[in-house]
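Undergrad: Starting off with a structure, shown below.
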Amino acid sequence: MAVEPEVEHPRKAYGWAARDTSGVLSPFLFSRRKTGEKDVTFKVLYCGICHSDLHKLKNEWSDSIYPLVPGREIVGEVTEVGSKVKKFKVGEKVAVGCLVGSCHSCQNCVNNLENYCQKLIHTYGAKYVDGSITYGGFSDFMVVDEHFVVSIPNGLPLDAAAPLLCAGITVYGPLRYFGLDKPGLHLGVVGLGGLGHLAVKFAKALGLKVTVISTSPNKKEEAIQHLGADSFVVSRDQDQMKAAICTLDGIIDTVFAVHPLMPLIDLLKSHGKLVAVGAPEKPLELLLPTLILGRKSVAGSYFGGLKETQEMIDFAAEHNIRPEIEVIPMDYVNTAMQRLVKADVKYRFVIDIGNTLKP
């Protein structure tokens, strides 16, 4: 077992980390800070696996810091709170998503958009304010400033709650911000994976008509019969795409792979919006005349601030929105990553940290 070099942090933690760009995870001992006056310490019970974890493990975004303990869809139970913590008590169920710090003073932070703060601190693989490296939820416990902790409502299963902390807020946020949350609007969802299946569920709960757009014809029955989509378009079928031209008020594009945008933009009505939440590694082609002639927009969206994340969690609990998950033990994580590369999961892996992470 690898051990982090000694630092002046009082508590040892245990998790799984990658040491290099191979991305292979193995047991790892490291240090976490003591509970500060505004900190919440909680035992990790479940942690989802995000597609971004794949990119970070292999340094595909050229910003990874090793050893890397992933995990940013983290759910657990409070074990200790600092003297100035007001929102949480020992024993409560809580969660942490994609960030654990920000400046608190910029315009974005003041407007509850900490996710766009220029000094935001990611949940793992980043430098914290004290100079230490942040480690994520593939570990036995977390210590997080209470501002970046959200509450899990009663009735929301803890394992199913985990993917909401990244995948859920990533699709919920743009629906709200771009006005694609009005009953009766027609939304296209591109890609039916971890993000896409939640986009369908949130959109239907908001009263939208939903068309799933996918390269895989075999996902049609799943999209309509199981997830509740109203229609399905195979993006490689020219006749189906032609029939859908100018029918959508908006599109949530969840695809991480390089793919053509122009055929999707053609599906938008005038004034329609395509919002990308996936992050392809290479540039995509965009021809401006198509946008100009229909006053159409192409935008992006990056998870959400803490206020909106709590709103999303509460909305999911109220409307019985549950991600489709496969719960796995900690020692299955490398196999799960290999399967995720092949999109061999329906639709999100969640690690049972509390029962299967053993020192």
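Undergrad: Filter the trypsin sites (Lys or Arg not before Pro) in the stretch 285-358 to those in DSSP coil with at most 13 other Cβ atoms within 10 Å of their Cβ, and list the result.
TA: Those that pass, being in a loop and sparsely packed, are Arg295, Lys342.
Undergrad: Subtract the Cα-Cα distance of Asp63 and Gln225 from 0.36 nm times their separation in residues, and report this length gain in nm to one decimal.
TA: Result: 54.2 nm gained on full extension.
Undergrad: Return the calculated 222 nm mean residue ellipticity for the chain, to the nearest 500 deg cm²/dmol, obtained by summing -39500 (n - 2.57) across DSSP H runs with n ≥ 4 and dividing by the residue count. Each step should come with its number before you reach the end.
TA: Values: 11 runs with 81 residues, N = 359.
Value at 222 nm, helices only, nearest 500: -6000 deg cm²/dmol.
Undergrad: To make sure I understand the rule: partners must be aspartates and glutamates, Cα under 18 Å from the Cα of Lys346, and not fewer than 8 residues away in the same chain. Which ones qualify?
TA: Of all the aspartates and glutamates, those that pass the test against Lys346 - Cα under 18 Å, at least 8 places apart if same chain - are Asp53, Glu73, Asp159, Glu221, Glu222, Glu324, Glu326.
Undergrad: Something else about it: For the Cα atoms of the chain, what angle does the longest principal axis make with the long axis of helix 306-318, in degrees from 0 to 90, nearest 10?
TA: The angle comes out at about 70 degrees.
Undergrad: In addition: For the stretch 67-125 and the stretch 235-313, what is the separation of their C-alpha centers, rounded to whole Å?
TA: 30
Undergrad: Subtract the Cα-Cα distance of Asp314 and Lys86 from 0.36 nm times their separation in residues, and report this length gain in nm to one decimal.
TA: Full extension of this stretch gives 80.1 nm more.
Undergrad: Output the pairs from Lys58/Lys219; Lys209/Lys342; Lys84/Lys307 with a Cα-Cα distance over 24 Å in this structure; if there are none, say none.
TA: Violating the 24 Å Cα-Cα cut-off are Lys58/Lys219; Lys209/Lys342.
Undergrad: Using the Cβ atoms and a cut-off under 14 Å, what net charge is assigned to the surroundings of Val350, where Lys and Arg are +1 and Asp and Glu are -1?
TA: Taking every other residue near Val350 into account, the sum is -1.
Undergrad: Moving on to the next point. Probe 1.4 Å, all protein chains in place: accessible area of Asp53 in Å², nearest 10?
TA: The accessible area of Asp53 comes to roughly 0 Å².
Undergrad: Which pairs break 18 Å Cα to Cα here: Lys43/Lys358; Lys201/Lys242; Lys12/Lys119?
TA: Long pairs (Cα-Cα over 18 Å): Lys201/Lys242; Lys12/Lys119.
Undergrad: What FRET efficiency comes out for Ala343 versus Met262 if R0 is 30 angstrom and r is the Cβ-Cβ distance? Round to the nearest 0.05.
TA: 0.80
Undergrad: May I pose another question? Using a Gaussian network model of the chain whose springs link C-alpha atoms within less than 10 Å, name the residue from Lys86, Lys56, Lys127 with the highest mean-square fluctuation.
TA: Maximum fluctuation in the GNM of the chain, among the listed residues, is at Lys86.
Undergrad: Same structure, new question: Which semi-axis lengths, in whole Å and largest first, follow from the square roots of five times the eigenvalues of the Cα gyration tensor of the stretch 168-300?
TA: Ellipsoid semi-axes (Å, largest first): 20, 17, 15.
Undergrad: May I ask you to give the solvent-accessible area per residue for the chain, in square angstrom, as obtained with a 1.4 angstrom probe?
TA: So the chain comes to 44 Å² accessible per residue, rounded to a whole number.
Undergrad: Expressed as a whole percentage, what fraction of the accessible surface of the chain belongs to carbon and sulfur atoms when a 1.4 Å probe is rolled over the protein heavy atoms?
TA: 52
Undergrad: Suppose R0 equals 25 Å. What FRET efficiency, 1/(1 + (r/R0)^6) with r the Cβ-Cβ distance, do Val327 and Gln238 give to the nearest 0.05?
TA: After rounding, the FRET efficiency stands at 0.05.
The values are calculated or read from the model by the stated rules, or taken from the named source; none is laboratory data. From a predicted model like this one, the values you see are computed outputs, not experimental measurements. Because the Cβ atoms are built from the backbone with ideal geometry, glycine has one as well, and the counts that use them run over all protein chains shown. Just so you know, the surface numbers come from the protein's heavy atoms only, side chains and all, with ligands and any DNA or RNA stripped out. Shrake-Rupley method; radii C 1.70, N 1.55, O 1.52, S 1.80 Å.
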